[in-house]
Amino acid sequence: MSSKKQSKAKQSSDTAKKFVPIAKQTIHKTTLLWLAGILLLTYIAFFPSLKNGFTNWDDNVYIGENTLITSLSGDNIKKMFNTDNHVSLNYHPITILSLAIDYKLSGYNPKTFHITNLLFHLFNTALVFWFIFLLSNKKIYVAVIVALFFGIHPMHVESVAWISERKDVLYVFFFMSALIAYYKYIHATGKNKIGLYIFILILFLLSVLSKAMAVVLPLIFLLIDFYKGRKFEKYLILEKIPFFAISLLFGLLASHIQSEGAAIAKFETFTWLQRLAFASYGMSNYIYKLFVPIHLSCFYPYPNLTSNHLPILFYVCPVIVFGLFVLVFLSLKKNKILAFGFLFFCITVALVLQFISVGQVIVADRYSYLSYVGLLFPLAMSYDWLQHQADKKTYKQLSTLLLIASASMCLWLSFERTKVWKNSDVLWTDAIKKYPNSEASYRNRGSYLINKAAYDKGQKNVGEIEIDRAFEDFNISIKLNPNNAKVFTNRANIFGLKGRFDLALKDYSKAIELDKTDEQTFFNRAVTYSMMKQFDKAIEDYNTALKIKPDFKSARQSRAYAYVDNKNYDKAIAELNELIQSDATNAIYYFYRGTAYFNSGNAPAALADNTTAIQLNPNNSDAYFNRSVVNKSLGKFKDALNDALKAQSLGHAVNPNYINELKSKTQ
């Protein structure tokens, strides 16, 4: 080769060496810019959630009443992973641990919990982008479209803006990470393959420990194998066995836990045909709302049966679903794209299609969170294909305009939908507007209105209890469903607040007739009986409450006080002795025992107990007055006078004649 040719060859080689890295770097930067833009739009869509509070739609169960999140000690973390310590009939210790970390950071500040949910949603959006980018052979438009609509779709607001759905964003984080790692695994060799396999197994465990819905992951692995053309050989099946074993274990555990409560309806509640209609309706609904995300609600009630028949739409849906499966099957003659996307959707949503009725709703927005990745994939691939067709310029322009319009609509709808989760009042009012005959929505709004302080933990200013609105909500709820014991209990509480004890007793009794297992209702009726001076009946209800729940401390305390008021002094003293043994710092225990001692003729013991009550609570005017009476009975008139004057200064209404009598005896 001549020196001239060698020079040209060298120059060409140098140019190639310079060109390839620059091209790769440009693609890399462009990819990151696309992803950054998607994440920015997603953040904008969900920004209002950072101003939201808690709701009484499980947030009280997961946060306000959940002692598991109040400590990060080793013993408490062990409790989180104990299968007996499930929350809201779900075993998801990683989710509870994440909530505990939030609590450690800021206590009952809802903003921290909302920030964490949004951060995980942003992580998930990035993971979806990465996974689709790999799956589509690095087609940037496909990754952008799927990730964008995953990030800003209104159907995903519930999973992000609802604090209790931390389990959703968390399990998908590990689920999508596992899918990416699995894609890398099937292309890896040697030691890298073994390391990736172990890593995927860990990610799967973390996912199912966040939410049981992750048990379908091994099926998605098989779906990826099918899509990528892996041969279904013996090794391919063997490598999935540990994953299916974990799925079976956690599936059985979830089924066992949910069957303990009312989460799973008895199978005979609905016929096979009705269950098939429910499942088909759910699938059709999720597909429809991918394209038309309107009339969204936090609560979609089951339809009312007319002569034991569902509305006609429910019988049409199985035909629609069958047609979709036929279409997908026929599409296999051309490629696997539609089949992969549709089966991804079906697999990830199958467990919540209500063929086995779980929960109170027939469909839920949150169930689309992961499954929409499957539906979006073939749509994005179709758009990408169209953009590469030189002879379809008009269609390309129209599809781009449609894409921009759809993204803009989703961004706006999500931004507005996120505001609906501001608090329980706004949330349930929205649900009632969408479904005016939803009994649960009235019940839940009423429950919030009469007890805002319990549900609005973290709020500095809690509004006044709106008793009248709650009362009206409970009235409507009872008309829609006269068989819900909890609503009668709630309305009875309002009657009690209004001083209508007769009506309160009537509602409590009705609630007990409907549900004889709720210790709180027996307790509330007992308190009402006590206020009506019917102490025998009150004590009977306290006894029943304690039979149902032996560690019901409030019932034991109130029963002890009722014993005193009913002049059962020996029983009162015995009960209070046990209570003081368990908590020697409660001034009220000593006060009541002092009263029992005095009335049973043991003045010295009464004096000691009232003195202890005063030491524990120096502002207890009742204890000062009672000690005054005890001192008087012991002939200690000066001490009795001093105590009476102190009680009077603290606000106790002391009869002037009593003070004058003591003064006359000290002169």
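A few remarks follow.
- Sparsely packed loop sites in region 268-347 (the trypsin sites (Lys or Arg not before Pro) outside DSSP H, G, I, E and B with at most 10 other Cβ atoms within 10 Å) comprise K333, K334.
- For the chain, a crude dipole built from +1 on the beta carbon of Lys and Arg and -1 on the beta carbon of Asp and Glu, taken about the Cα centre, is about 3180 debye to the nearest 20.
- Projecting the Cα atoms of Q615, L296, F637 onto the charge dipole of the chain (Cβ charges, centred on the Cα centre) puts L296 farthest toward the positive pole.
- Each of S649, A143, L351 was scored by the projection of its Cα onto the charge dipole of the chain, and the greatest displacement toward the positive side belongs to A143; charges sit on the C-beta of Lys, Arg, Asp and Glu.
- Toward the positive end of the charge dipole of region 284-431, with +1 on the Cβ of Lys and Arg and -1 on the Cβ of Asp and Glu, the farthest Cα among V363, Q389, I287 is that of Q389.
- Residues S554 and T189, FRET efficiency given R0 of 45 Å [Cβ-Cβ distance, rounded to 0.05]: 0.10
- Residues in the chain average 49 Å² of solvent-accessible surface per residue, probe 1.4 Å, ligands and nucleic acids excluded.
- Computed [θ] at 222 nm, deg cm²/dmol, the chain (DSSP H ≥ 4; -39,500 (n - 2.57); rounded to nearest 500): -23000 deg cm²/dmol
- C-alpha long axis of helix 312-331 to longest principal axis of the chain, angle in °: 30
- With all protein chains in place and a 1.4 Å probe, the accessible surface of the chain carries 60 percent carbon and sulfur.
- Placing +1 on the Cβ of every Lys and Arg and -1 on the Cβ of every Asp and Glu, with nothing else charged, gives region 186-345 a dipole about its Cα centre of roughly 640 debye.
- The chymotrypsin sites (Phe, Trp or Tyr not before Pro) found in region 189-265 that occupy coil by DSSP, while having at most 10 further C-beta atoms within 10 Å, are F232.
- In terms of distances greater than 20 angstrom between alpha carbons, the cross-link table entries K228/K333; K29/K138; K422/K486; K29/K139; K636/K663; K29/K193 yield K422/K486; K29/K193.
- Helix axis angle, 93-106 relative to the chain longest principal axis, alpha carbon, degrees: 70
- Its Cα centre serving as origin, region 372-449 has a Cβ charge dipole (Lys and Arg +1, Asp and Glu -1) of approximately 140 debye.
- Taking the C-alpha atoms only, the angle from helix 439-450 to the longest principal axis of the chain is near 50 degrees.
The values are calculated or read from the model by the stated rules, or taken from the named source; none is laboratory data. Just so it is clear, the model here is predicted, and its values are computed rather than measured. Note: ideal-geometry Cβ built from the backbone for every residue, glycine included; neighbour counts use all protein chains shown. SASA here: full protein model, heavy atoms, side chains in, ligands and nucleic acids out. Shrake-Rupley method; radii C 1.70, N 1.55, O 1.52, S 1.80 Å.
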